[in-house]
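Reading through the C-alpha cells given below for one structure.
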Amino acid sequence: MTAVTINGKPIQYDGDPNMPLLWFLRDELKLTGTKFGCGIAMCGACTVHVDGEPVRSCQLPMSTLVGKQVTTIEAVGETPVGKAVQNSWFGLDVVQCGYCQSGQIMSATALLSQVKQPTDAQIDLVMSGNVCRCGTYVRIRAAIHDAAKSLT
C-alpha cells in the first residue's frame, strides 16, 4: 500500500506498484489536467511536482511516492507562485492549442520557486524539456518574466 498526498489530500493506493503516477491521476482520481504526451518522459506534458520538484509522471511508479507530496496543475494555482504564473499565462495569451500548457506551467512554477528573477538562458534551460508543438516559446518566456516581475 502506498500512502501519498496529492494536492493536499492523503491518498491510499493499493494497486500495481509499477503503475505510473500519470495513469493513477487521470484514471483513478480523474485529475485530467496532467496530459499524456510521449510516454517516455521526453515531452513534459505530464509534469507534476513531487515535493516541490518538477517530475515526469508518465514514468514515475506509484511505489516511489510513499510519503511524498504531489501537486498537479489542478492545485498549483493555490500557491502564490503558481497563481502568478497562471495569471501571466492568461494575461499574455500564451496558450494556443493548450495541450502542453499544464506541463509548461508546472515547470515554470518550479523554476520561479527556486530562481526569483531568471535570465532568458535559465528559462530556456529549465523549459527545454517541455515541448510545445504550436511554438509558443517566446510567449512562454515572456510570461515567466512577467510572473517573476509580479512576485517582486
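What the table shows:
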| quantity | calculated |
| --- | --- |
| Leading residue by the ranking (surrounded by the most Cβ atoms within 10 Å (Cβ to Cβ)) among those in region 25-53 that are in contact with a strand residue (DSSP E or B) (Cβ under 8 Å, 6 or more places away or on another chain) and polar (S, T, N, Q) | Thr47 |
| Failed item in (1) touching a residue at least 12 places away in the same chain (Cβ under 8 Å); (2) surrounded by fewer than 23 Cβ atoms within 10 Å (Cβ to Cβ); (3) of a type in the set (Lys, Arg), with Arg56 passing the rest | (2) |
| Single unsatisfied condition, Leu111 versus (1) farther than 21 Å from Lys9 by Cα; (2) out of contact with any Pro (no Cβ under 8 Å at 6 or more places or on another chain) | (2) |
| In region 8-31, the residues that are in contact with a Gly (Cβ under 8 Å, 6 or more places away or on another chain) and either not acidic (Asp, Glu) or not assigned by TED's automatic domain parsing to the domain that holds Gln69 (or both) | Phe24 |
| Count - residues of region 86-110 that are surrounded by fewer than 23 Cβ atoms within 10 Å (Cβ to Cβ) and free of Cβ contacts under 8 Å to residues at least 40 places away in the same chain | 4 |
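The values are calculated or read from the model by the stated rules, or taken from the named source; none is laboratory data. Please read these numbers as outputs of a predicted model, since none were measured by experiment. Glycine also receives a Cβ, built like all others from the backbone with ideal geometry; neighbour counts cover every protein chain displayed.
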